[in-house]
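Notes for the one structure printed next.
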Amino acid sequence: MAFYSRVSGSVGVITLQNPPVNALSAAVRQGIVDTMHRALSEPEVKSVVICGQNGKFCGGADIREFGANMRGPPLVPMIHLIEAAEKPVVAAIEGVALGGGLELALGCHYRIAHSKARLGLPEVTLGLLPGAGGTQRLPRLIGVPAALELITTGRHATAAEALQLGIVDEVTDHSAVDAAVKFAQSVAGKSLDARRISTYPRPRSPDLAEIFEKAMKEVRRSARGAIAPVTCVQAVHASVTLPYAKGMERERELFSTLFTSGQAHALQYYFFAQRAVSRWSTPSGARWDTSKPRPVHKAAVIGLGTMGRGISVSLAQAGLSVVAVETQEKQLLEAKQAVSGMLERSAKRRGVPLADDKIKYNCSVQAVADADLVIEAVFEDMALKKTIFQQLSGICKPGTLLCTNTSGLDIDELASQTQSPELVVGMHFFAPAHVMKLLEVVYGPRSSPEALATAMEMGKKMGKVSVAVGNCRGFVGNRMLKPYLEQAFFLLEEGATPEQVDQVLEEFGFAMGVFKVSDLSGLDVGWKVRKADGLVVPGSTGKSARIRGGSRYSPLGDLLCEQGRFGQKTGRGWYQYDKPGGRVAKPDPWLHGFLEEYRARHGLVARRIDHQEMLERCLYALINEGFQILQDGIAAGPEDIDVIYVLGYGWPRHRGGPMFYAGLVGLDKVLERLEHYHQVYPDVLGLKPCSLIRKLAASSSPPIHRWREFIQKPRSQL
Ligand SMILES: CCCCCCCCCCCCC/C=C/C(=O)SCCNC(=O)CCNC(=O)[C@H](O)C(C)(C)COP(=O)(O)OP(=O)(O)OC[C@H]1O[C@@H](n2cnc3c(N)ncnc32)[C@H](O)[C@@H]1OP(=O)(O)O
């Protein structure tokens with residue numbers, strides 16, 4: 001709703017009230033319309049201020065109302081009512097003015113912002129465009145290039161930038177509401193002819209055609225198949241080619257196309273999924289709202305390789321005192337230099353104070369004795385990690401949380417090396433650790449709810465999106481990667497090239513295809529794991545070379561590693577690069593010859609594999625594992641998996657995540673294709689549909705928010 005009051009006798013103040021962000025729900029819109037009429041009809045009122053309760057102007061349209069039968073007064077006429085008013089209306093912007101919130105402010109005659117406020121039109125991130133006049137008013141106010149940039153990226157601008165661009169008229173360090181009231185009094189009775197943005201002339205400039213062409217090219221390149229950014233450019237284009245009223249019609253037409261699109265549903269689902277993962281729960285009933293995190297003031301990082309350095313930076317930037325340990329003096333010095341550089345660059349980029357003095361470097365593990373939380377970040381080697389956990393158990397003060405940065409090793413095995421296994425959790429960071437937003441927080445069977453809550457809280461402090469997951473090989477992300485990679489290898493055996501498989505995945509929207517990613521992260525990483533698992537059998541020939549434990553196995557990755565082809569770092573992998581460390585992947589005739597020779601050796605006849613089959617086999621094998629993970633209770637819900645895949649594995653956000661995508665395709669269709677492929681390849685376990693997808697499909701494929709009802713709760717000791 002909206003609350004009306006009169007201030008200083010002559011200023012009507014309309015306060016939006018819809019916690020937590022004063023989104024424009026039907027009740028709020030109704031409240032604005034009613035209170036505007038009241039303010040306009042009261043003769044004593046000479047001007048109006050619109051503000052939001054609790055220091056937040058407005059977070060935009062109420063996203064929860066999208067899709068449902070939208071009731072209440074529509075936004076566009078509501079904003080026109082404000083703009084057409086004969087009394088000056090001033091927006092007092094505190095906190096945020098986003099989406100419909102900024103469009104409401106653009107309908108006001110003046111805008112006063114608090115210096116800490118953020119303003120933007122982030123609709124594009126929800127698969128929409130600013131459909132309440134934003135695409136027509138903003139370019140008229142600040143020009144096409146700046147409007148295009150803000151609308152197609154959806155980024156938030158600071159108040160200072162908004163002032164510079166001309167979006168706001170004044171910025172204050174004090175109460176924006178008080179400033180707006182004062183301002184409103186000063187402009188009472190003045191002409192509003194020059195203050196109605198919709199009446200401004202269409203933006204004109206000789207280079208507009210070039211600007212739009214460039215913008216369109218750029219969004220097509222970066223959107224990776226997302227339609228909203230492209231549609232945003234089309235809508236802004238209407239502001240220069242059409243008069244305002246016609247431009248608004250075009251905006252509405254384009255908005256309607258986006259509004260009902262699968263991409264908008266996916267992006268809005270993802271918006272809530274990213275927030276839902278913080279409300280974690282475990283199979284045994286431990287929950288975010290009943291588990292209290294321990295206070296952490298001092299943290300320690302052991303091992304200052306690439307991951308340890310990034311983790312130290314993240315901790316320091318979160319304001320913690322950090323002890324960074326590397327036992328070799330030379331490596332310690334190198335790491336110190338590298339971390340300082342990272343902190344400096346980051347401080348410059350984010351405009352925050354340098355956090356260099358937060359980190360103390362040390363050669364001895366003893367230095368972590370008084371830390372509240374230790375993150376071990378040495379190589380992925382169980383024996384080494386075990387030794388460190390034994391040491392830590394003896395050195396650390398009672399109650400210290402012991403965390404391991406591992407991408408898949410058994411948390412419980414490490415916990416069993418300590419005297420307090422309940423204080424051990426996994427923290428799986430993604431490289432580069434100070435940049436990537438995702439953190440998998442892994443609870444073992446003995447981790448306490450308090451330990452899990454502390455690690456989740458720590459992730460949040462570091463600005464990460466933390467997802468709580470159970471302990472199993474590869475946790476969620478890497479476990480699902482295995483069947484996906486396996487299919488990609490099998491496709492090569494059957495006749496595809498790495499370029500073909502990657503192209504299919506990139507056209508789907510992945511930032512990089514599976515083989516390019518493999519080259520980037522290093523083929524030797526998986527090779528080491530497979531060797532430790534006893535899967536690598538050098539020189540094996542005949543049928544047994546392609547079977548492990550009764551299931552189909554592809555040794556292609558192992559064979560490349562035996563040739564020293566580790567990917568970008570060696571200049572050769574699934575592709576070739578101009579030099580070791582090179583970044584530009586080029587098809588490699590050597591590899592094509594190698595694949596032909598391999599197929600011939602194993603009696604495999606290459607066939608032409610169509611686009612659809614490549615996509616289905618890779619994605620559905622991954623999705624099937626996702627259902628198995630839900631069934632095993634490793635992830636609490638599909639949102640957890642989707643957030644992990646979007647933030648950690650380059651899954652295109654506009655497709656919601658693998659589990660959402662499965663629902664969109666249709667669970668019965670995914671099941672049918674899995675059944676088909678499993679029949680063709682009965683020796684591939686990853687293609688055997690798991691019982692949860694069968695159960696859901698048999699129950700008429702309920703919507704994704706109901707899937708949890710179909711998951712049998714596994715027992716856990718946590
Ligand atoms: C055939 C079809 C015809 C179509 C007909 C329809 C015509 C309609 C035309 C209408 C045109 C509309 C045009 C306008 C569109 C919009 O405005 S879309 C919304 C744009 N706004 C946003 O994208 C902002 C989203 N929110 C945020 O970015 C952040 O929440 C924040 C505001 C910056 C605050 O961040 P923080 O303090 O970190 O809090 P959070 O945890 O993110 O959020 C707190 C809770 O608030 C919920 N929430 C936030 N914003 C909204 C919102 N706009 N609507 C609903 N709910 C919102 C958020 O989900 C959190 O709650 P929980 O999920 O329960 O945790």
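The values are calculated or read from the model by the stated rules, or taken from the named source; none is laboratory data. Because the structure is a prediction, the values reported are computed rather than measured. Reconstructed Cβ throughout: ideal geometry from the backbone, glycine too, with neighbour counts over all protein chains shown. We work out accessible area using only protein heavy atoms, side chains counted, and drop any ligands, DNA or RNA first. Shrake-Rupley method; radii C 1.70, N 1.55, O 1.52, S 1.80 Å.
Taken over the Cα atoms of the range 637-718, the convex hull encloses 130 Å³ per residue. Relative to the longest principal axis of the Cα atoms of the chain, helix 638-649 runs at roughly 80 degrees. Remark: spin-label model distance residue 6-residue 596 equals 9.0 nm, labels positioned 7 Å along the Cα→Cβ axis. The apolar share of the surface of the chain, taken as the fraction of accessible area on carbon and sulfur atoms (1.4 Å probe, ligands and nucleic acids excluded), comes to 53 percent. Less than 5 angstrom separates the built amide H of residue 548 from those of 553, all sequence-distant by 5 or more or on a different chain. The smallest convex shape that holds all Cα atoms of the range 357-455, its convex hull, gives 108 Å³ per residue.
Note that the range 138-215 shows a convex hull volume over its alpha carbon atoms of 109 Å³ per residue.
I need the peptides 186-197, 499-510, 377-388 ranked by packing, meaning the mean over residues of other C-beta atoms within 10 angstrom, with the highest value on top.
Descending mean neighbour count gives 499-510, 377-388, 186-197.
Highest mean packing first, where packing is the average number of other Cβ atoms within 10 Å per residue, the peptides 132-141, 546-555 line up as 132-141, 546-555. Each peptide in 215-223, 405-413 gets a packing score, the mean of other Cβ atoms within 10 Å over its residues, and the list from highest to lowest is 405-413, 215-223. Among residues other than residue 671 with Cβ under 14 Å from its Cβ, the summed charge is +1 (Lys and Arg +1, Asp and Glu -1). Other residues within the sphere of radius under 11 Å centred on the Cβ of residue 639, judged by their own Cβ, net out at +1 (K and R +1, D and E -1). Separation of the range 50-98 and the range 210-256, taken as the distance between their Cα centroids, equals 23 angstrom. When the convex hull of its Cα atoms is viewed from all sides, the range 268-359 shows a mean projected area of 8.8 nm². Annotation for residue 710 and residue 544: the two label points, set 7 Å from Cα along the Cα-Cβ direction, are 4.3 nm apart.
Rounded to the nearest 20 debye, the dipole size of the chain about its Cα centre is 320 debye, using +1 on the Cβ of Lys and Arg and -1 on the Cβ of Asp and Glu. Semi-axis lengths, largest first, of the ellipsoid equivalent to the range 413-453 are 23, 11, 7 Å, with √(5λ) applied to each eigenvalue of the Cα gyration tensor.
Each helix, a run of at least 4 DSSP H residues, gives -39500 (n - 2.57); summed and divided by the residues of the chain, these come to -14500 deg cm²/dmol at 222 nm. On alpha-carbon atoms, Rg over Rh for the range 67-141 using Kirkwood Rh? Rg divided by Rh gives 0.97. Counting Lys and Arg as +1 and Asp and Glu as -1 over every other residue whose Cβ lies under 11 Å from the Cβ of residue 582, the net charge comes to +3. Placing dummy labels 7 Å off each Cα toward the beta-carbon, the span from residue 69 to residue 327 is 7.0 nm. Kirkwood radius, the range 430-503, all distinct C-alpha pairs, inverse of mean reciprocal distance: 14.6 Å. Within straight-line reach of residue 543, meaning a Cα separation under 14 Å, sit the following aspartates and glutamates at least 8 residues removed in sequence or on another chain: 493, 683.
Taking a point 7 angstrom from the Cα of residue 473 along the C-beta vector, which residues in the range 533-550 have backbone N less than 20 Å away? The answer is 533-538, 544-550.
Per-residue Karplus couplings for the range 55-65, computed as 6.51 cos²θ - 1.76 cosθ + 1.60 with θ equal to phi - 60°, are listed in order as x, 10, 5, 6, x, x, 4, 7, 4, 5, 7 Hz, Gly and Pro entered as x. A straight line joining the Cα centroids of the range 431-490 and the range 365-384 runs 18 Å. Here residue 695 is the anchor, and the lysines within straight C-alpha reach of less than 22 Å, apart from those fewer than 8 places off in the same chain, are 669, 713. Across the range 151-165, coupling constants 3J(HN,Hα) worked out from phi with the 6.51/-1.76/1.60 Karplus curve, θ = phi - 60°, read 6, 7, 9, x, 6, 8, 9, 6, 4, 4, 5, 4, 5, 5, 6 Hz, and Gly and Pro carry x. Computed from the Cα positions only, the extents of the range 576-718 along the three principal axes stand at 51, 36, 33 Å, in decreasing order.
Under a 5 Å amide H cut-off, with hydrogens placed 1.01 Å from N, residue 376 pairs with 302, 403, 404, 405 among residues at least 5 apart or on other chains.
Cα extents for the range 441-558 along the principal axes, largest to smallest and rounded to whole angstrom: 53, 34, 21. Pairs spanning more than 19 Å between alpha-carbon atoms, out of 516/586; 336/358; 336/385; 385/528; 360/464: 336/385; 360/464. Its Cα centre serving as origin, the range 443-545 has a Cβ charge dipole (Lys and Arg +1, Asp and Glu -1) of approximately 640 debye. Based on the Kirkwood approach, the hydrodynamic radius assigned to the chain is 28.2 Å, with every pair of different Cα atoms included. Computed over protein heavy atoms with a 1.4 Å probe, the accessible surface of the chain works out to 43 Å² per residue. Note on residue 246: aspartates and glutamates with a C-alpha under 19 Å away, same-chain residues under 8 apart excluded, are 83, 103. Each principal axis of the Cα cloud of the range 181-292 was taken in turn, and the coordinate range along them, longest first, works out to 64, 46, 23 Å. The stretch between residue 249 and residue 676 holds 149.0 nm of extra length on full extension. This uses 0.36 nm per residue minus the Cα-Cα distance.
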